[in-house]
1. If I filter segment 116-136 down to residues being of a type in the set (V, I, T), modelled with pLDDT of 70 or more and not in a strand (DSSP E or B), which single residue comes out as surrounded by the most Cβ atoms within 10 Å (Cβ to Cβ)?
2. Name the pairs whose Cβ atoms lie under 7 Å apart, with the first residue in segment 66-92 and closer than 17 Å to Q26 by Cα, the second part of a loop (DSSP other than H, G, I, E, B) and among the charged types (D, E, K, R), and 6 or more positions between them or separate chains?
3. Check off (1) more than 28 Å from the chain's Cα centre (by Cα); (2) closer than 17 Å to R159 by Cα for L218 and give me the number that stays unchecked.
4. Taking into account only those residues within segment 195-226 that are small (G, A, S) and either touching a helix residue (DSSP H, G or I) at 6+ places or on another chain (Cβ under 9 Å) or part of a strand (DSSP E or B) (or both), which is surrounded by the most Cβ atoms within 10 Å (Cβ to Cβ)?
5. So, I43, is that one at pLDDT 95 or above, among the hydrophobic types (A, V, I, L, M, F, W, C), closer than 17 Å to D225 by Cα and in contact with a Phe, Trp or Tyr (Cβ under 6 Å, 6 or more places away or on another chain) or not?
6. Quick one: which residue in G185, G148, G160 is of a type outside the set (A, V, I, L, M) and within 18 Å of V32 (Cα to Cα)?
7. Would you check which residues across segment 150-174 are outside any loop (DSSP other than H, G, I, E, B) and either in contact with an Asp or Glu (Cβ under 6 Å, 6 or more places away or on another chain) or not assigned by TED's automatic domain parsing to the domain that holds K205 (or both) and list them?
8. Condition first: of a type in the set (G, A, S) and either in a strand (DSSP E or B) or under 24 Å from Q103 (Cα atoms) (or both). Now tell me which residues in segment 30-72 satisfy that.
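The values are calculated or read from the model by the stated rules, or taken from the named source; none is laboratory data. Quick caveat: nothing in here was measured; it's all calculated off a predicted structure. Cβ atoms come from the backbone with ideal geometry, glycine included; neighbour counts cover every protein chain shown.
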Amino acid sequence: MTLHRFFSLVACFLAAGISTAYASIQISSTRVIYHGAEKDVSIQIMNPGKYPVLLQSWTDDGHQDIRPDIMRTPFILTPPLTRVNADAGQTLRLSYTGTSLPQDRESVYWLNVLEIPPVGEKGNNQVQVAFRSRIKLFFRPETLSDKGAQAAISQLRWRGEGNNITLSNPTAYHVSAVGITLMHGSKKTTVPADMVAPHSSVNIKLPSGVISDNADSLTVDAINDYGSSVTASVSRL
């Protein structure tokens, strides 16, 4: 298969919306932390399935529907196209090109791995389905520490107005929030939340009838560098 044909297939799959529910490949982590001092980072891919698969790997800047051959990011991922046999693995190597990125805060990108299973024999009525796995890629400058990243969740601040919550992040790190829990006495209200970028805020709408103004406390659930769930109580602004 030529690269031109492969990119055409990728464009079709992206336009159609790719399912990840039954992907056979496994990525060694749920996120990639690229420290500014590192020459490159390795990502392990495993195929525990019964058949070989063709993999296309690339990074994106948050615009996930742009074709890989058009997308431009400050990273090089090799190999961009590879076959992984059944019950075998592949190492992807991610390198930073040195393109200027902020040195006082993290930057976030995404790592994509598109899996295309083998085509059946001629005459068989089979549907070829592609699966895409997409995980966060954080570029952490040399000036920032892993310890600081772990402490960032507890430094979040919040304020409420009516049935809206504003969650603010005064730190230089991304906080991958997944939910918040608001307490009114013994009553608990839990709602989903989004990642909070450095020095920014996200607004969270509470269910109808839940008022934030007189809440007693708020806790945030987030995912840390290791893919583990962490919870912290945060203070009001």
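1. Start the filter on segment 116-136 by keeping residues that are of a type in the set (V, I, T), which leaves 116, 119, 127, 129, 135.
Checking the rest, the ones that are also modelled with pLDDT of 70 or more come to 116, 119, 129, 135.
Cutting the leftovers down to not in a strand (DSSP E or B) gives us 119, 129.
On the way: V119: 11, V129: 15.
Looking at the filtered set, the residue picked out is V129.
2. A86/K50
3. (1)
4. Of all residues in segment 195-226, those small (G, A, S) come to 197, 200-201, 208-209, 212, 215, 217, 222.
Right, trim to either touching a helix residue (DSSP H, G or I) at 6+ places or on another chain (Cβ under 9 Å) or part of a strand (DSSP E or B) (or both) and you get 200-201, 217, 222.
Values: S200: 13, S201: 17, S217: 13, A222: 22.
Only one residue fits best here, namely A222.
5. no
6. On the way: G185 fails: within 18 Å of V32 (Cα to Cα); G160 fails: within 18 Å of V32 (Cα to Cα).
Of G185, G148, G160, the one residue that is of a type outside the set (A, V, I, L, M) and within 18 Å of V32 (Cα to Cα) is G148.
7. Of segment 150-174, the ones outside any loop (DSSP other than H, G, I, E, B) are 150-155, 157-161, 164-169.
G160 - this is the single residue of segment 150-174 that is outside any loop (DSSP other than H, G, I, E, B) and either in contact with an Asp or Glu (Cβ under 6 Å, 6 or more places away or on another chain) or not assigned by TED's automatic domain parsing to the domain that holds K205 (or both).
8. The initial filter retains those residues of segment 30-72 that are of a type in the set (G, A, S), namely 36-37, 42, 49, 57, 62.
Scanning segment 30-72 gives G36, A37, S42, S57, G62.
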